[in-house]
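The values are calculated or read from the model by the stated rules, or taken from the named source; none is laboratory data. The structure displayed is predicted, hence computed values, not measured ones. Neighbour counts run over all protein chains shown; Cβ positions are idealised from the backbone, glycine included.
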Amino acid sequence: MTSGTQTSPRVVALVGPYSSGKTTLLENILFMTDTTRRRSTGERVFADDSIEAKTLSMGVDINVAEAEYLGDRYIFVDCPGSIELLQEMRNAVHAADVAIVVAEPEPDKIQALSPLLHELEADGIPHLLFINKIDHSNVHIRDLAGALEEVSALPCVLRHVPVREGGEISGFVDLASRRVYHYGTDGSREVTCTADGIVDQVADDRFQMMERLADFHDDLMEELLDDIDPPSEEIFRDLAADLRAGNIMPVLMGSALNSYGIRRLMKALRHEMPDFTLAAKRMMPKNSGTDAAYILKTKYLPHMGKLSFARVIKGCLADGAQVGGARISGLFSVNGPELKKSTRAEAGDLVAIARLDGAVTGDTIGGSGAPAPEKLPAVYAQAIEVPDRKDEAKLSEALSKLLEEDPSFEVEHREDTGQLLLWGQGEIHMRTARTRLTEKYGVNVRFSFPRVPYKETIRKAKVQHSRYKKQSGGHGQFGDVVIEVKPRAIGQGFEFEEKIHGGSIPKQYISSVEAGVKEYLKQGPLGFPVVDVAVTLTDGQSHSVDSSDMAFKMAGRMAMADALPGCEPVLLEPIEHVRVMAPSIHMAKINAMITTRRGQIMGFDARAGWPGWDVIDAQMPASEMQDLIIELRSVTQGTGTFEHKFDHLNEIAGRLKDDVLSGRVADRRH
Ligand SMILES: Nc1nc2c(ncn2[C@@H]2O[C@H](COP(=O)(O)OP(=O)(O)O)[C@@H](O)[C@H]2O)c(=O)[nH]1
Ligand SMILES: [Mg+2]
């Protein structure tokens with residue numbers, strides 16, 4: 001047996017768009033390394049078999065699998081491809097030594113890699129790109145490389161160039177080793193070491209690759225200037241150093257399905273991927289004890305309960321031991337759906353911990369001040385409710401599990417609409433939530449679009465005298481008030497004053513009047529909460545026997561109900577400030593989209609740190625934003641995103657107002 005190069009396992013994240021072939025690549029690596037039996041055509045060995053994945057027919061969770069190759073242990077983390085599940089990938093790559101970005105050989109699809117590459121660049125994860133499906137492709141490698149250059153902040157170093165026979169790609173030249181690999185359709189490979197004819201044809205490509213590297217290596221630069229052909233070992237050494245330092249993104253190619261180029265890929269990992277010290281440094285808490293681990297994933301399993309996937313940063317995790325106050329009660333190595341009991345995990349290991357109380361995804365146990373992956377801003381909300389009040393406790397328990405698993409969900413209780421909102425990343429993300437809540441946790445929960453928190457105010461002042469009086473048997477109810485209602489400027493809020501002279505209303509009842517007025521403000525004449533009014537209690541009468549707190553509260557409320565319809569009520573809609581971020585080439589479409597959605601563009605700028613991206617600042621009615629992310633993604637190949645916050649309320653009139661009011665009437669009829 002070949003002895004390995006490392007003592008701790010090497011963690012490799014597989015990332016890339018949906019259907020680029022990540023899972024196929026993983027499966028084939030596992031076959032190649034004899035970890036799993038060879039598959040019959042179409043059979044999936046490593047399909048995600050969770051309820052969520054079945055319902056959505058796509059992988060929504062990371063998939064973890066181990067393999068041994070030439071004496072080294074590898075742990076692969078296959079990440080879901082959907083942009084809506086980016087948080088899952090973000091949390092996982094933070095723990096990885098290297099990421100393989102799997103891409104299809106279509107220049108048009110390369111742009112979709114942009115947010116993903118930026119994730120890796122921002123967190124300093126060394127990554128290489130694997131152009132998959134070359135069996136199927138006629139692509140011109142230069143077009144592809146050109147498209148890659150546009151989305152990668154790191155210079156792309158093309159390691160392979162395709163060899164064609166009759167127009168079809170039949171193999172590739174490894175520019176570093178100068179070997180030619182031909183592939184048979186049965187997966188057999190042929191190394192042609194001395195294919196000088198072909199190597200001559202790719203001399204330019206090889207020179208270009210070395211030129212890229214020479215930017216970081218003076219020795220290599222000198223050799224190139226002196227026309228000396230550097231030895232392959234030097235090139236390999238430089239490639240490894242540059243991958244580790246985050247100087248470059250090497251680009252390899254192959255076909256996962258046909259096992260082309262997979263051995264080359266594994267060899268590249270073996271010789272070039274950084275060892276664990278880099279990831280350990282990235283994850284290391286500022287203050288820690290002897291043992292620490294980072295939680296890259298939390299998952300609730302039907303029969304096991306909570307399971308926390310952790311990479312040990314330093315020291316070790318032992319079953320039964322305490323780490324930073326948390327008890328390890330069960331430790332497992334993970335291989336796809338298989339969990340194998342284990343007693344101990346050392347630094348660099350990736351394991352699952354059972355019932356780790358208090359720790360959520362993204363946490364670090366055994367230390368404080370650890371860098372944690374940021375939470376994605378929420379862009380899509382649904383209102384959730386349980387038809388049966390008895391299920392409320394169950395819902396809140398299930399929601400807290402949902403949030404522990406995935407920090408890119410958020411829960412918001414909206415007082416103004418009385419709704420409970422679940423915020424997330426889009427429709428697919430929301431469907432995973434729905435499946436988890438209903439099928440996994442068994443809560444009968446309904447999802448709907450949230451109500452828009454419209455408000456209303458008044459334009460005219462009015463003095464109102466109202467009397468609440470009831471005489472029914474025993475002693476009655478009596479409260480009599482005179483109030484003056486006045487509009488206030490937008491954003492000034494509600495104000496209550498009293499100017500009672502001569503004790504016409506005893507002091508103790510004044511706050512009851514205020515309470516009644518406030519209660520009325522929850523729903524004004526148009527059906528919405530009333531804002532920005534001033535109410536002054538100027539006069540009134542009381543009765544020594546029949547007056548009470550209740551009677552004055554009713555009187556206050558009644559006076560408002562009598563007064564407001566005559567104060568020219570107006571409808572206000574919430575306007576949000578949005579920052580839309582997307583690659584510059586989509587900006588014209590985004591402008592049009594903002595205008596169609598009654599938005600007003602406030603500013604336009606380049607997006608800092610994102611070459612080729614722009615930011616548009618705009619104001620947009622909240623009612624137009626509920627499905628904004630869906631259209632934004634559809635016009636930007638899935639790359640665009642936005643941030644938003646409430647800005648101000650704005651009066652609406654005419655047809656818009658009528659539409660809102662008629663909708664509201666329909667709402668109330670339910
Ligand atoms: N022709 C061809 N198809 C591939 C290759 N790799 C994957 N596929 C197919 O692409 C589809 C998506 O692959 P999958 O691994 O599920 O993609 P993932 O979403 O990235 O995990 C499947 O139908 C695969 O059979 C390849 O190298 N060549
Ligand atoms: Mg997959």
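Does Asp416 meet the test of being out of contact with any His (no Cβ under 9 Å at 6 or more places or on another chain), modelled with pLDDT under 95 and under 30 Å from Glu456 (Cβ atoms)?
yes
Take Phe309 and tell me if it is hydrophobic (A, V, I, L, M, F, W, C) and either in a loop (DSSP other than H, G, I, E, B) or crowded, with 20+ Cβ neighbours inside 10 Å (or both).
Answer is yes for this residue.
Using beta carbons and a limit of 7 Å, which pairs, at least six apart or on different chains, have the first residue in the stretch 9-26 and in the same structural domain as Leu85 (by TED's automatic domain parsing) and assigned to a helix (DSSP H, G or I) and the second one among the polar types (S, T, N, Q) and near ligand 1 (Cβ under 6 Å from one of its atoms)?
As it stands, the answer is Leu25/Asn132, since those pairs meet every condition given.
So which residues in the stretch 269-308 are touching a helix residue (DSSP H, G or I) at 6+ places or on another chain (Cβ under 7 Å) and under 25 Å from Gly325 (Cα atoms), if there are any at all?
Tyr294, Leu296, Lys297, Thr298, Lys299, Tyr300
Is it fair to say Arg270 is more than 30 Å from Pro407 (Cα to Cα) and of a type outside the set (A, V, I, L, M, F, W, C)? Quick ask: steps written out before the conclusion?
Details: more than 30 Å from Pro407 (Cα to Cα): yes; of a type outside the set (A, V, I, L, M, F, W, C): yes.
When the stated conditions are applied, Arg270 passes them.
For Leu257, work out the one condition from (1) within 16 Å of ligand 1 (Cβ to nearest atom); (2) hydrophobic (A, V, I, L, M, F, W, C); (3) crowded, with 20+ Cβ neighbours inside 10 Å it doesn't fulfil.
(3)
Could you go through the stretch 141-149 and let me know if any residue there is closer than 30 Å to Arg282 by Cα, touching a helix residue (DSSP H, G or I) at 6+ places or on another chain (Cβ under 6 Å), of a type outside the set (Lys, Arg) and within 16 Å of ligand 1 (Cβ to nearest atom).
no
Any idea how many residues of the stretch 78-97 are within 14 Å of ligand 2 (Cβ to nearest atom), in contact with a Pro (Cβ under 8 Å, 6 or more places away or on another chain) and either in a strand (DSSP E or B) or closer than 13 Å to Lys375 by Cβ (or both)?
The total comes to 1.
How many residues are more than 17 Å from Gln471 (Cα to Cα) and in contact with a helix residue (DSSP H, G or I) (Cβ under 8 Å, 6 or more places away or on another chain) if we restrict to the stretch 532-552?
4
Identify, please: which residue in the stretch 121-136 is more than 16 Å from ligand 1 (Cβ to nearest atom) and part of a helix (DSSP H, G or I) and is, among those, surrounded by the most Cβ atoms within 10 Å (Cβ to Cβ)?
Checking each candidate, the answer is Glu121.
For the stretch 58-106, name all the residues that are small (Gly, Ala, Ser) and free of Cβ contacts under 8 Å to residues at least 60 places away in the same chain.
Hits for the stretch 58-106 are Gly59, Ala67.
Can you confirm whether the stretch 413-429 contains a residue that is outside any strand (DSSP E or B), of a type in the set (Asp, Glu) and more than 23 Å from Lys297 (Cα to Cα)?
Taking every residue of the stretch 413-429 in turn, at least one turns out to be outside any strand (DSSP E or B), of a type in the set (Asp, Glu) and more than 23 Å from Lys297 (Cα to Cα).
Inspect all residues belonging to the stretch 538-554 and state whether any of them is hydrophobic (A, V, I, L, M, F, W, C), under 30 Å from Asp614 (Cβ atoms), part of a helix (DSSP H, G or I) and modelled with pLDDT of 95 or more.
Looking for residues that are hydrophobic (A, V, I, L, M, F, W, C), under 30 Å from Asp614 (Cβ atoms), part of a helix (DSSP H, G or I) and modelled with pLDDT of 95 or more, one finds none in the stretch 538-554, hence no.
Any residue that is at pLDDT below 95, surrounded by 15 or more Cβ atoms within 10 Å (Cβ to Cβ) and farther than 25 Å from Pro450 by Cβ - is there at least one of those in the stretch 379-400?
No, the stretch 379-400 contains no residue that is at pLDDT below 95, surrounded by 15 or more Cβ atoms within 10 Å (Cβ to Cβ) and farther than 25 Å from Pro450 by Cβ.
Go through (1) polar (S, T, N, Q); (2) crowded, with 17+ Cβ neighbours inside 10 Å; (3) under 30 Å from Ser152 (Cα atoms) and name the single condition Ser634 misses.
Single failed check for Ser634: (2).
Has the stretch 574-582 got at least one residue that is loosely packed, with under 14 Cβ neighbours inside 10 Å and out of contact with any Pro (no Cβ under 9 Å at 6 or more places or on another chain)?
Looking for residues that are loosely packed, with under 14 Cβ neighbours inside 10 Å and out of contact with any Pro (no Cβ under 9 Å at 6 or more places or on another chain), one finds none in the stretch 574-582, hence no.
Could you say whether any residue in the stretch 448-460 is closer than 23 Å to Lys299 by Cβ and surrounded by 14 or more Cβ atoms within 10 Å (Cβ to Cβ)? Full working, then the answer.
Within the stretch 448-460, the subset closer than 23 Å to Lys299 by Cβ is none.
No, the stretch 448-460 contains no residue that is closer than 23 Å to Lys299 by Cβ and surrounded by 14 or more Cβ atoms within 10 Å (Cβ to Cβ).
Looking only at residues in the stretch 83-123 that are modelled with pLDDT under 95 and among the small types (Gly, Ala, Ser), which one is farthest from Ala240 (Cα to Cα)?
Ranking the candidates gives Ala112 first.
Need the failing condition index for Leu301 against (1) touching a Pro at 6+ places or on another chain (Cβ under 8 Å); (2) under 28 Å from Thr24 (Cβ atoms); (3) without any contact (Cβ under 8 Å) to a residue 60 or more places away in the chain, just the number.
For Leu301, the failing item is (1).
If only one of Leu656, Leu649, Leu564 is in contact with a Leu (Cβ under 6 Å, 6 or more places away or on another chain) and either closer than 30 Å to Val517 by Cβ or in a helix (DSSP H, G or I) (or both), which one is it?
On the way: Leu656 fails: in contact with a Leu (Cβ under 6 Å, 6 or more places away or on another chain); Leu564 fails: in contact with a Leu (Cβ under 6 Å, 6 or more places away or on another chain).
Only one candidate passes the filter, namely Leu649.
Taking the stretch 469-505 as the search range and keeping residues that are touching a Cys at 6+ places or on another chain (Cβ under 9 Å) and in contact (Cβ under 8 Å) with a residue 60 or more places away in the chain, which one is nearest to Tyr520 (Cα to Cα)?
Among those residues, the one meeting the criterion is Val485.
Return the only residue of Thr7, Thr36, Thr41 being touching a strand residue (DSSP E or B) at 6+ places or on another chain (Cβ under 9 Å), at pLDDT below 85 and away from ligand 2 (no atom under 16 Å from the Cβ). Outline the logic, then answer.
Values: Thr36 fails: away from ligand 2 (no atom under 16 Å from the Cβ); Thr41 fails: touching a strand residue (DSSP E or B) at 6+ places or on another chain (Cβ under 9 Å).
Going through Thr7, Thr36, Thr41 in turn, the sole match is Thr7.
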